[in-house]
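Enquirer: Just dropping this structure here.
The values are calculated or read from the model by the stated rules, or taken from the named source; none is laboratory data. All values reported here derive from a predicted model rather than from experimental measurement. A quick note on method: Cβ atoms are made from the backbone with ideal geometry, for glycine too, and the neighbour counts reach across all protein chains shown. Quick note on the areas: whole protein, heavy atoms, side chains included, nothing else; ligands and nucleic acids left out. Shrake-Rupley method; radii C 1.70, N 1.55, O 1.52, S 1.80 Å.
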Amino acid sequence: MRYKNILIDKKDSLAVVTINRPDKLNALNKATISELHKAFKALEDESAIKAIVLTGSGEKAFVAGADISEFANFSVKEGAKLAAKGQEILFDFVENLSTPVIAAVNGFALGGGLELAMACHFRVASDNARMGLPEVSLGVIPGYGGTQRLPQLVGKGRAMELIMTAGMIDAQKALNYGLVNYVVAGEELLPLSEKLAAKISNNSSVAISYAIKAVNAGFKSNAKGYKTEIEAFGDCFGTADFKEGTSAFLEKRKADFPGT
Ligand code: COA
């Protein structure tokens with residue numbers, strides 16, 4: 001299978017998946033989300049692959065979010081569909097993949113980028129990584145599971161602050177928060193991820209797949225939270241704030257929210 005927006009590099013029992021749109025800071029457009037779905041599905045079916053590392057191309061970004069240029073003109077219905085479909089084919093899909101997925105966060109992980117890293121089974125980061133959920137600065141909310149997975153990982157108060165301020169935290173703070181498990185220099189990021197993947201590969205992949213299922217089951221009681229997020233995300237698309245927020249980003253100016 002040939003992909004346009006991602007690269008796949010297989011080494012023994014490990015596959016490294018690299019999101020490859022560096023000129024757009026690896027922003028997740030529809031095509032990339034669809035390719036990632038196909039790639040994860042194919043890798044899960046390949047029994048020789050025991051672990052997957054997901055990273056971004058270039059030195060600047062893991063993923064700078066969902067592709068704002070693609071959804072700025074969406075209606076409420078299209079907005080809700082965007083979130084629901086994305087969660088189904090990528091974010092929930094990765095979280096429930098039976099093959100372990102490690103996010104190697106090599107720079108900005110913002111919005112959908114942080115949501116994708118959080119959907120992975122655990123995260124390592126380079127020391128230049130910066131993470132945040134800036135959606136409310138665009139007049140929208142996180143729509144790919146961020147309102148659910150961020151509080152799971154860092155606690156409610158820290159998640160509320162990050163979401164409301166739309167601020168970014170650096171790698172060290174992400175480590176203190178438990179959002180990432182390790183912080184290393186950029187050149188050490190893939191070697192460390194591969195070392196962890198190799199350690200995982202020595203163990204029973206069947207047992208690991210059951211462990212993933214069991215750990216995830218403990219968090220399934222919040223299905224209503226994900227549903228509420230999708231509906232609320234869609235509702236944002238009907239607001240004047242959303243029109244202003246996304247227009248301001250695309251016009252490279254500061255948003256002046258009307259508050260309606
Ligand atoms: N969607 C679409 N395009 C994006 C993008 C996104 N989420 N993030 C970055 N890009 C594009 C920029 O538009 C720019 O494209 P251009 O060169 O064709 O104009 C290119 O990627 C480089 O980004 P730029 O903003 O010039 O880099 P920077 O170093 O000045 O700033 C960020 C880096 C990450 C702070 C900034 O790109 C940003 O704020 N991105 C959006 C983050 C966000 O709100 N994500 C949540 C989306 S819901």
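Enquirer: Does residue 88 satisfy the criteria of being of a type outside the set (Lys, Arg) and touching a residue at least 12 places away in the same chain (Cβ under 8 Å)? Break it down stepwise before answering.
Expert: Details: of a type outside the set (Lys, Arg): yes; touching a residue at least 12 places away in the same chain (Cβ under 8 Å): no.
Judged against the criteria, residue 88 is not a match.
Enquirer: Residues in the range 63-91 that are more than 13 Å from the ligand (Cβ to nearest atom) and within 12 Å of residue 120 (Cβ to Cβ): how many? Please lay out each step first, then the result.
Expert: Of the residues in the range 63-91, the ones more than 13 Å from the ligand (Cβ to nearest atom) are 73, 75-78, 80-81, 84-85, 87-91.
If we keep only those that are within 12 Å of residue 120 (Cβ to Cβ) as well, we get 90-91.
Count: 2.
Enquirer: Exactly one condition in (1) more than 16 Å from the ligand (Cβ to nearest atom); (2) farther than 26 Å from residue 185 by Cβ; (3) of a type outside the set (Phe, Trp, Tyr) is not met by residue 142; state its number.
Expert: Against the list (1) more than 16 Å from the ligand (Cβ to nearest atom); (2) farther than 26 Å from residue 185 by Cβ; (3) of a type outside the set (Phe, Trp, Tyr), residue 142 comes up short only on (1).
Enquirer: Quick check, is residue 130 basic (Lys, Arg) and more than 23 Å from residue 198 (Cβ to Cβ)?
Expert: Details: basic (Lys, Arg): yes; more than 23 Å from residue 198 (Cβ to Cβ): yes.
So residue 130 fits the description; yes.
Enquirer: Scan the strands (runs of 3 or more DSSP E) fully inside the range 101-144 and keep the ones with 1 or more residues being touching a residue at least 60 places away in the same chain (Cβ under 8 Å). Before you say what the answer is, go through the steps one by one.
Expert: On the way: elements: 101-105, 108-110, 122-126, 130-132.
So the answer is 101-105, 108-110, 122-126.
Enquirer: Starting from the range 158-181, keep only residues that are closer than 15 Å to residue 146 by Cα and touching a residue at least 12 places away in the same chain (Cβ under 8 Å), then list their pairs with residues that are open to solvent by 90 Å² or more (accessible area, probe 1.4 Å) and within 15 Å of the ligand (Cβ to nearest atom) whose Cβ atoms are within a distance under 6 Å, requiring at least 6 positions of separation or different chains.
Expert: 168/130
A quick yes/no check of all residues on (1) over 16 Å from residue 177 (Cβ atoms); (2) within 15 Å of the ligand (Cβ to nearest atom):
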site: 102; (1), (2): yes, no
site: 106; (1), (2): yes, yes
site: 112; (1), (2): yes, yes
site: 124; (1), (2): no, no
site: 133; (1), (2): no, yes
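Enquirer: Count, please, the residues in the range 68-121 that happen to be out of contact with any Leu (no Cβ under 9 Å at 6 or more places or on another chain) and crowded, with 24+ Cβ neighbours inside 10 Å.
Expert: The total comes to 1.
Enquirer: May I pose another question? Taking the criterion of being part of a helix (DSSP H, G or I), loosely packed, with under 14 Cβ neighbours inside 10 Å and among the basic types (Lys, Arg), would at least one residue in the range 172-179 satisfy it?
Expert: No, the conditions are met nowhere in the range 172-179.
Enquirer: Suppose we filter the range 122-147 for residues that are surrounded by 22 or more Cβ atoms within 10 Å (Cβ to Cβ) and out of contact with any Leu (no Cβ under 8 Å at 6 or more places or on another chain); how many remain?
Expert: 7
Enquirer: Right, another one. Could you tell me whether the range 45-62 includes any residue that is touching a residue at least 12 places away in the same chain (Cβ under 8 Å), more than 11 Å from the ligand (Cβ to nearest atom), over 18 Å from the mean Cα position of the chain (by Cα) and in a helix (DSSP H, G or I)?
Expert: No, there is no match, as no residue in the range 45-62 is touching a residue at least 12 places away in the same chain (Cβ under 8 Å), more than 11 Å from the ligand (Cβ to nearest atom), over 18 Å from the mean Cα position of the chain (by Cα) and in a helix (DSSP H, G or I).
Enquirer: Just checking, does the range 200-213 include any residue being more than 16 Å from the ligand (Cβ to nearest atom), surrounded by fewer than 17 Cβ atoms within 10 Å (Cβ to Cβ), at pLDDT below 95 and among the basic types (Lys, Arg)?
Expert: No; the residues of the range 200-213 include none that is more than 16 Å from the ligand (Cβ to nearest atom), surrounded by fewer than 17 Cβ atoms within 10 Å (Cβ to Cβ), at pLDDT below 95 and among the basic types (Lys, Arg).
Enquirer: Is there a residue in the range 221-232 that is of a type in the set (A, V, I, L, M) and modelled with pLDDT under 95? Can you show your working first?
Expert: First, pick out the residues of the range 221-232 that are of a type in the set (A, V, I, L, M): 223, 230, 232.
With the extra rule that they be modelled with pLDDT under 95, the set shrinks to 223.
Taking every residue of the range 221-232 in turn, at least one turns out to be of a type in the set (A, V, I, L, M) and modelled with pLDDT under 95.
Enquirer: Confirm whether residue 187 is over 29 Å from residue 74 (Cβ atoms), modelled with pLDDT of 95 or more and part of a helix (DSSP H, G or I). Full working, then the answer.
Expert: On the way: over 29 Å from residue 74 (Cβ atoms): yes; modelled with pLDDT of 95 or more: yes; part of a helix (DSSP H, G or I): yes.
Spelling it out, residue 187 is indeed over 29 Å from residue 74 (Cβ atoms), modelled with pLDDT of 95 or more and part of a helix (DSSP H, G or I).
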